[in-house]
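Chemist: Quick one: structure below, then a few questions.
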Amino acid sequence: MTAEILRQIVASATAAPSVHNVQPARWRIESADLVLLEDTKRRLAVGDPRGNDAAISLGAAAEGAVIAASGFGLRAHVTRLSGDDRSGLRPVARLVFSPGASPDPLLAVLGKRASWRGGFQPPSAQDHAAACALAGEDRTIITDPAAIAAAAALYDRASYAIMRGGAFRAELRHWMRLNRSHPRWSRDGLNAEAMRLSRIEAIGAGAVLGPLFAPLAALRLAPALLAEAKGFANAAALVLFHRAASEDPFESGRAFHRLWLEVDAGGLGGNVLAALADDPDAAASLCRTHAIPPRRRLVSALRIGRRDGAPFARARLPLTEVLVR
């Protein structure tokens, strides 16, 4: 094991998804091990006060490292850590490596996965087959157009209910990069290109989520302006990702990263529908409608389909910032 291999593993792990693309994972090389830490300054105080989404994001980063290590013939044993937050860095897990691994089947798409917020092409029989192939104990696949439309309406209601919070909107805008001149456009957060917003749409989004929200809400225009019906058009399926209610969100994050990579491996793109899991009423409604047992927790949902548009450069922090001493 060399430090260079460990650096390459960390570089690959930075491709993992994270809430609002805040990228809370930090890594420290300790001899032949990797220690995963959380940059607690990147915790969403309003949107994620209990750290549930942060834990999911960190679990995804850990699984990314496990998958990357397999490319070097290394098995990674992940042990959870606890400890004090020192200088804004909280210990999360230790990865210990040993030889003998075969390349993970998802290794090929590890560096290609990215959230797809654009439109989808009309789904083919192959797309439906790829979506249905994702079914499993922790995934419920919805392909019926009427059921997708109902979930889309539920999503818009749940999302708007969350957006009504001024502090939430302010936090969201903090992580949005609506102009290429933004100094963090290519580093983190949600930039306009990743959100598939034109220049005019980006300006409009900033206004609707900012100074115009109150008057538009008073006129009952805000819900329609924030609705995402076009994002559901041509979706091959919705994926409801659910895990045991008692499971550590870190472990849920590991499994969620693998699910998303499977979406990409099937030739499809996906976008997280966070409001469906974050709004308790919406989550409960989906679980009832789609027979998800009470002992299960809806962790997240994805709309998936064949991407209709060109790929884009992902915003990622440089390795020099992700690796810490």
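Nothing in this text is a laboratory measurement; each read-out follows from the coordinates by a stated rule. The shown structure was predicted, so the numbers you read here are calculated from the model rather than taken from an experiment. Because the Cβ atoms are built from the backbone with ideal geometry, glycine has one as well, and the counts that use them run over all protein chains shown.
Chemist: In what order do 1, 195 fall by count of nearby beta-carbon atoms within 10 Å, going from fewest to most?
Modeler: If I rank by nearby Cβ atoms, fewest first, I get 1, 195.
Chemist: Let me ask something else about it. Translational diffusion coefficient of the chain at 37 °C, 0.692 mPa s, Stokes-Einstein with Kirkwood Rh over Cα pairs, in µm²/s as a whole number.
Modeler: Answer, rounded: 161 µm²/s.
Chemist: For 82, 18, 186, 124, what's the fewest-to-most ordering of other Cβ within 10 Å of each Cβ?
Modeler: On the way: 82 7, 18 20, 186 17, 124 11.
Least crowded to most crowded, the residues run 82, 124, 186, 18.
Chemist: For a footprinting-style exposure proxy, rank 160, 155 by other Cβ within 10 Å, fewest first.
Modeler: On the way: 160 18, 155 25.
Ranking 160, 155 by Cβ neighbours within 10 Å, fewest first, gives 160, 155.
Chemist: Tell me, what ³J(HN,Hα) does each residue in region 185-199 have, in order and in whole Hz, if you take phi through Karplus 6.51 cos²θ - 1.76 cosθ + 1.60 with θ = phi - 60° and put x for Gly and Pro?
Modeler: Coupling constants for region 185-199: 3, 9, 10, 6, x, 10, 8, 4, 5, 5, 7, 6, 9, 5, 4 Hz.
Chemist: Here's a follow-up. Would you mind pulling out the separation of the Cα centroids of region 70-138 and region 284-309, in Å?
Modeler: After rounding, the separation between the Cα centres reads 19 Å.
Chemist: I've got another one for you. Peptides 143-153, 53-63: what's the order by average Cβ count within 10 Å, highest mean first?
Modeler: Ranking the peptides 143-153, 53-63 by packing returns 53-63, 143-153.
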